[in-house]
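Scroll down for the structure; my scribbles are underneath it.
The values are calculated or read from the model by the stated rules, or taken from the named source; none is laboratory data. Not measured: the values here are computed from a predicted model. In this analysis, Cβ positions are derived from the backbone assuming ideal geometry, glycine residues included, and neighbour counts consider all displayed protein chains. Each accessible area value is taken on the protein alone, full model and side chains, heavy atoms only, with ligands, DNA and RNA left out. Shrake-Rupley method; radii C 1.70, N 1.55, O 1.52, S 1.80 Å.
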Amino acid sequence: NTRKKDEDGYEIDYFPFYRWRVGPFVETNKELDFFIDANSRGFFVVQFPNSLGFTRDGRFRLDPNRRLITLSGRYPVLGEEGEIVLPEGEDVLVSRSGLIFVDGQPVTRLKVAVFKSFKDMQTMDSLNGNFFILTEDIETVDGPEHYAVIQGALEENNVMKAITGDILMAKNAYDANAKTAHLINRALSTAAGISAP
């Protein structure tokens, strides 16, 4: 949280709030695109210069040293043993548990963090809406039974989906309030007509 001053000069605590809805699922059929199915609580783990980062953006590429990196920011993607360097090969296949195979040979498993609760996830700081860092320790659940990695697919941005849903909800609430006001107005009109001599 941060402290900000309101229009009267009083300091108030400001708490950012994230909606962790899953964005639309899109098939890309690219072997280095990945989607995490973990009930909106799963993240790929990347290496920042001084800390770990977390992202649901599964658009990965290989750098000139065949190190797996994020498309955005070019951060190294982490596996269970650290940075992932893929050997030369024709086919890269990734299992639902995140195990990476090159030409049928296992290389490593993608490091996936699945956080236990959405409430705890609110303490994460967003760097740019795409990458997050921890501001305090958050409890995770371990094991591939808590997630599925899907190769050749991505999670699209969920901001438009959230905005559209919120606008629709606001419109429905407005329509309901307008109908209620109209009914009350008609009832008052009728009551006034009946009471008039």
Considering only the stretch 138-147, I want to know if a residue exists there that is in contact with a helix residue (DSSP H, G or I) (Cβ under 9 Å, 6 or more places away or on another chain), over 15 Å from I36 (Cα atoms), of a type in the set (D, E, K, R) and at pLDDT 85 or above.
yes
Between a residue in the stretch 112-131 that is closer than 18 Å to L71 by Cβ and any residue that is modelled with pLDDT under 80 and open to solvent by 60 Å² or more (accessible area, probe 1.4 Å), which pairs come within a Cβ distance under 8 Å, given they are 6 or more apart or on different chains?
G129/V159
What is the one condition in (1) at pLDDT 90 or above; (2) in contact with a Lys or Arg (Cβ under 6 Å, 6 or more places away or on another chain); (3) over 18 Å from V149 (Cα atoms) that G89 does not satisfy?
(2)
Take the conditions open to solvent by less than 30 Å² (accessible area, probe 1.4 Å), modelled with pLDDT under 95, touching a Phe, Trp or Tyr at 6+ places or on another chain (Cβ under 9 Å) and among the hydroxyl-bearing types (S, T, Y) and apply them to S40. Does it pass?
yes
Per the filter on the stretch 131-145, residues buried (at least 16 other Cβ atoms within 10 Å of the Cβ) and in a loop (DSSP other than H, G, I, E, B) are L134, I138
